[in-house]
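The next block holds one structure in the form of structure tokens; read it before the comments.
The values are calculated or read from the model by the stated rules, or taken from the named source; none is laboratory data. Just so we're clear, the structure is a prediction, and the values are computed from it rather than from any experiment. Here Cβ is always computed from backbone atoms with ideal geometry, including for glycine, and neighbour counts include all displayed protein chains. What goes into the accessible areas is simple: the full protein's heavy atoms, side chains included, and nothing from ligands, DNA or RNA. Shrake-Rupley method; radii C 1.70, N 1.55, O 1.52, S 1.80 Å.
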Amino acid sequence: MAGPEYDTEIKQLTATMHTIEQVLDLPGMKKEIEDLGVQVAAPDLWDDQANATRVTGRLSALQGQVERFEALRGRIDDLALMVELAEEEGDADSLAESETELGKIKKAVEALEVRTLLSGEYDEREAIVTIRSGAGGVDAADFAEMLMRMYTRWAERNKYPVEVYDVSYAEEAGIKSAEFAIHAPYAYGTLSVDAGTHRLVRISPFDNQGRRQTSFAAVEVVPVLEQTDEIEVDENDIRVDVFRSGGPGGQSVNTTDSAVRLTHIPTGIVVSCQNEKSQLQNKASAMVVLKAKLLAVKKAEEAALKKDLKGDVAASWGDQMRNYVLNPYQIVKDLRTGYETGNPQAVFDGDLDGFLEAGIRWRRGAEKAEA
């Protein structure tokens with residue numbers, strides 16, 4: 001690659017980073033980090049554990065975002081210097097290394113640029129993810145647990161805190177359902193594109209005849225609400241049940257009936273929480289999830305009404321949206337975007353960014369087409 005082409009590429013990357021910086025409001029993020037740092041230093045921070053978790057989680061996520069942005073900008077500056085020195089000295093090996101680094105930086109900038117497409121009303125919120133096993137018996141329960149691990153590993157890769165509210169274990173293996181929060185800015189906007197039905201095809205490890213099994217699991221993603229959000233819940237509409245927390249195989253985790261199950265009678269929505277030691281804390285956490293789901297229902301009803309008014313009969317987001325095939329060949333493919341990879345194990349280990357970025361771009365395109 002000739003010098004002028006390097007110059008053009010680097011200038012374009014620098015311009016894109018400047019646009020991203022403006023959209024993300026990097027100065028605003030740094031100011032928020034400073035304010036959160038003051039709150040974290042307060043001696044009474046952990047008197048309110050829920051607030052402390054929120055504050056420390058957001059601080060960690062914001063710091064990670066700023067560090068990633070500044071590290072990427074530093075790589076672009078280093079690349080420009082590397083190219084300049086290599087061209088002055090006629091160093092072909094360094095130029096080849098520069099070309100490789102340029103390709104890596106372009107992918108990283110594209111991934112960061114996706115963040116600027118998240119402009120929905122709740123996109124910047126943290127996310128509550130619910131996973132439920134579907135058709136497929138024990139394989140489906142095992143698949144649901146694989147998906148829970150996949151999302152938590154994705155969060156770990158990005159240094160996002162995960163708070164597990166409830167896990168309902170299946171009798172033989174896997175889980176019936178799980179509910180957990182990912183505490184990171186834009187977690188909802190990012191993960192909401194993964195909502196829908198996921199399908200796994202593999203040789204069942206639970207079938208002594210070694211037959212191929214198809215199983216399903218559902219993923220639901222809702223935003224974490226803030227105090228300013230308008231969603232009221234009548235206490236008379238809620239049935240509260242308490243029970244003893246349990247783990248795999250039915251063993252007791254707590255010795256008291258501290259786990260809480262809330263049932264919203266008008267909608268039938270059921271939410272459980274057993275991660276806290278006290279019944280009051282579990283009820284408070286469950287109420288957070290319940291309100292988030294009620295808001296999601298409200299927004300879905302509003303969206304459906306708008307589509308009815310427009311005469312839109314196209315299929316909505318959701319249902320079967322991604323296939324994970326482990327036999328007779330190996331592939332993970334998104335049925336909406338067409339994005340695919342031949343390395344399912346990497347995906348189950350949390351390598352989801354390619355799918356999430358493709359989904360965000362696909363959704364943005366669909367929104368523009370509907371406008």
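Brief remarks follow.
- Selection status of residue 314, of a type in the set (A, V, I, L, M), surrounded by fewer than 15 Cβ atoms within 10 Å (Cβ to Cβ) and at pLDDT 90 or above: no
- Subset of the range 3-58 [of a type in the set (S, T, N, Q), within 22 Å of residue 127 (Cα to Cα) and either touching a His at 6+ places or on another chain (Cβ under 8 Å) or loosely packed, with under 15 Cβ neighbours inside 10 Å (or both)]: 49, 51, 53
- A residue that is in contact (Cβ under 8 Å) with a residue 24 or more places away in the chain, among the hydrophobic types (A, V, I, L, M, F, W, C) and touching a Lys or Arg at 6+ places or on another chain (Cβ under 6 Å) occurs somewhere in the range 11-27.
- The residues of the range 59-98 that are open to solvent by 20 Å² or more (accessible area, probe 1.4 Å), touching a residue at least 24 places away in the same chain (Cβ under 8 Å) and touching an Asp or Glu at 6+ places or on another chain (Cβ under 8 Å), listed by number, are 75, 95.
- Residue selected from the range 155-176 under the condition assigned to a strand (DSSP E or B) and more than 20 Å from residue 122 (Cα to Cα), by the criterion most open to solvent (accessible area, probe 1.4 Å): 176
- Members of the range 64-99 that are more than 38 Å from the chain's Cα centre (by Cα) and aliphatic (A, V, I, L, M): 85, 86, 92
- When the test is whether a residue is assigned to a helix (DSSP H, G or I), open to solvent by 30 Å² or more (accessible area, probe 1.4 Å) and touching a residue at least 40 places away in the same chain (Cβ under 8 Å), residue 150 does not pass it.
- Filtered residues of the range 340-371 (kept if closer than 20 Å to residue 202 by Cα, open to solvent by 70 Å² or more (accessible area, probe 1.4 Å), outside any helix (DSSP H, G or I) and not charged (D, E, K, R)): 343
Residue-by-condition table, conditions (1) modelled with pLDDT of 90 or more; (2) surrounded by 12 or more Cβ atoms within 10 Å (Cβ to Cβ); (3) in a helix (DSSP H, G or I); (4) of a type in the set (Lys, Arg):
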position: 178; (1), (2), (3), (4): yes, yes, no, no
position: 184; (1), (2), (3), (4): no, yes, no, no
position: 207; (1), (2), (3), (4): no, yes, no, no
position: 217; (1), (2), (3), (4): yes, yes, no, no
position: 226; (1), (2), (3), (4): no, no, no, no
position: 232; (1), (2), (3), (4): no, no, no, no
position: 240; (1), (2), (3), (4): yes, yes, no, no
position: 254; (1), (2), (3), (4): no, yes, no, no
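- Looking across the range 43-63, just one residue is more than 24 Å from residue 275 (Cβ to Cβ) and more than 20 Å from the chain's Cα centre (by Cα), and that is 43.
- The residue of the range 186-205 that is farthest from residue 126 (Cα to Cα), among those that are assigned to a strand (DSSP E or B) and β-branched (Val, Ile, Thr), is 203.
- Number of the exception - residue 125 against (1) in a helix (DSSP H, G or I); (2) buried (at least 19 other Cβ atoms within 10 Å of the Cβ); (3) at pLDDT below 90: (1)
- Test result for residue 119, over 30 Å from residue 201 (Cβ atoms), surrounded by fewer than 18 Cβ atoms within 10 Å (Cβ to Cβ) and among the small types (Gly, Ala, Ser): yes
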